[in-house]
Structure formats: structure tokens, C-alpha cells
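Single-structure report; data block below.
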Amino acid sequence: MPSHDATLEFDYETPSRARLVADSVAREIGEIDDERSRTTIDRDGSVVRIEIDAADVIALRAALNTWFTLVDVAEQAADLGTAALES
């Protein structure tokens, strides 16, 4: 299937922040994959890596938009949680 692919890497200040973000978005793996794109996620220390394989450039763009949004929301939620704990 894959004729287009992308790898997204997000480097966090701590492994625990990377784990929190990775765990938050990992639950979407398999839920939003379809016959046109597949995604895997892995974490190595403070780096979260998302690999997307897509059948065409349109599916790749859609998957990229989705995963950037999911990671952004997870980061924002983590920031809010940290702020709440610090206050």
C-alpha cells in the first residue's frame, strides 16, 4: 500500500512528558487508520516518533493534519495539568 510516508518526531523536555503525550495519542492508532493510511507510534526516552504510510499524497496530508492536531491537543492538556498541579 504505502507509496508516500512521513515520520514526525517530537522531542520533549522529559521522558515522562513524552510518555504522557505518546500514551494520549496512541489510543487513536487503529481507530483512524483506513485502507489509505496506517500509522505507528513509538517512544524512545524523551522522543515520540509517529510514522505514517499512505497510499496517496491526499491521504498522507489528511493523516499529517490529524496527527499534528492530536499531538497539539495532548500537549495543551499536559500543560494545563502541569499548571494545575503547580498552583
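The values are calculated or read from the model by the stated rules, or taken from the named source; none is laboratory data. Computed from a predicted structure; not experimentally measured. Heavy atoms of the whole protein, side chains included, go into the accessibility calculation; ligands, DNA and RNA do not. Shrake-Rupley method; radii C 1.70, N 1.55, O 1.52, S 1.80 Å.
Using the Karplus equation 6.51 cos²θ - 1.76 cosθ + 1.60 (θ = phi - 60°), what ³J(HN,Hα) coupling, rounded to whole Hz, does each residue of the stretch 16-21 give in order, writing x for Gly and Pro?
Values per residue, Gly and Pro as x: 5, 5, 4, 4, 4, 5 Hz.
In what order, largest first, do L60, L20 sit by accessible area if the probe radius is 1.4 Å? Please list the in-between numbers first.
Details: L60 20, L20 85 Å².
The residues order as L20, L60, largest area first.
Leaving ligands, DNA and RNA out of it, report the carbon-plus-sulfur percent of the accessible area of the chain at a 1.4 Å probe. Mind showing how you got there, number by number?
Working: 2700 of 5390 Å².
Carbon plus sulfur share of accessible area: 50 percent.
What are the radius of gyration and Dmax of the stretch 5-55, computed over its Cα atoms and given in Å?
11.4, 35
Can you sort S16, S87, S37 by 1.4 Å-probe accessible area, starting with the largest?
The most accessible residue leads, giving S87, S16, S37.
Based on the alpha-carbon gyration tensor of the chain, what equivalent-ellipsoid semi-axes (square roots of 5 times the eigenvalues) come out, in whole Å, largest first?
Working: eigenvalues 142, 31, 18 Å².
Computed over the chain, the values are 27, 12, 10 Å.
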